[in-house]
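Each remark here refers to the structure printed beneath this line.
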């Protein structure tokens, strides 16, 4: 009887986390659909954010690859693995991901 409220709260938190994970996965699929199959080795991409990137966002992106340049809301990156690209695309603050020729 006394465990009922904590159990319900725990199940609610777990359900919310699961919903967040599913939403991020679906968002990543949607953002990466236009790219087709990612290349096996690391590639170069532009990552457009919903707003101008702050230090936090730049550090998160640097963990995924080599951050080359930031112009307005777009970050130019090289050496991004397919797995890291999927993680980037799943972030709610990423609006779009596109291939970049690295020039």
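Expressed in nm to one decimal, what extension gain is obtained for the pair residue 73 and residue 96 from 0.36 nm per residue of sequence separation less their Cα-Cα distance?
Working: separation 23, 0.36 × 23 = 8.28 nm, distance 1.04 nm.
Separation in residues times 0.36 nm, less the Cα-Cα distance, equals 7.2 nm.
Here are labelled values, (i) 17.1, 65; (ii) 13.9, 40; (iii) 12.8, 39, and one is the computed Rg and Dmax of the Cα atoms in Å for what I pasted. Which one?
So the calculated entry is the one marked (i).
Place the peptides 57-69, 17-29, 74-86 in order of packing, highest mean first, counting for every residue the other Cβ atoms within 10 Å and averaging per peptide. Display every interim value, and only then the final one.
Numbers: 57-69: 15.5, 17-29: 12.3, 74-86: 18.4.
With the highest mean Cβ count within 10 Å placed first, the list reads 74-86, 57-69, 17-29.
How far is the Cα center of the range 43-63 from the Cα center of the range 1-41, in Å?
When both Cα centres are located, 21 Å separates them.
List the relative contact order of the range 4-99 as a percent without decimals, with contacts defined as Cα pairs under 8 Å and 6+ residues apart. Mind showing how you got there, number by number?
Numbers: 129 pairs, mean separation 36.2, N = 96.
Rounded, it is 38 percent for the range 4-99.
Taking Cα atoms, how many degrees apart are the long axis of helix 55-64 and the longest axis of the chain, rounded to 10 and kept between 0 and 90?
The angle comes out at about 80 degrees.
What value, in deg cm²/dmol to 500, does the helix sum -39500 (n - 2.57) over DSSP H runs of n ≥ 4 give at 222 nm once divided by the residues of the chain?
On the way: 3 runs with 47 residues, N = 103.
For the chain, the value works out to -15000 deg cm²/dmol.
Against the longest alpha carbon principal axis of the chain, how many degrees, from 0 to 90 and to the nearest 10, is the axis of helix 4-32 turned?
20
Quick one: if you stick a label point 7 Å off each Cα along the C-beta vector at residue 50 and residue 33, how many nm between them?
Reported label-point gap for residue 50 and residue 33 is 1.9 nm.
Residue 81 to residue 9: FRET efficiency via 1/(1 + (r/R0)^6), r the Cβ-Cβ distance, R0 30 Å, to the nearest 0.05?
Working: r = 38 Å, r/R0 = 1.26.
The computed FRET efficiency comes out at 0.20.
Quick note: the coordinates plus some simple rules give every number you see, no bench work behind them. All values derive from a computational prediction rather than experimental measurement. Neighbour counts run over all protein chains shown; Cβ positions are idealised from the backbone, glycine included.
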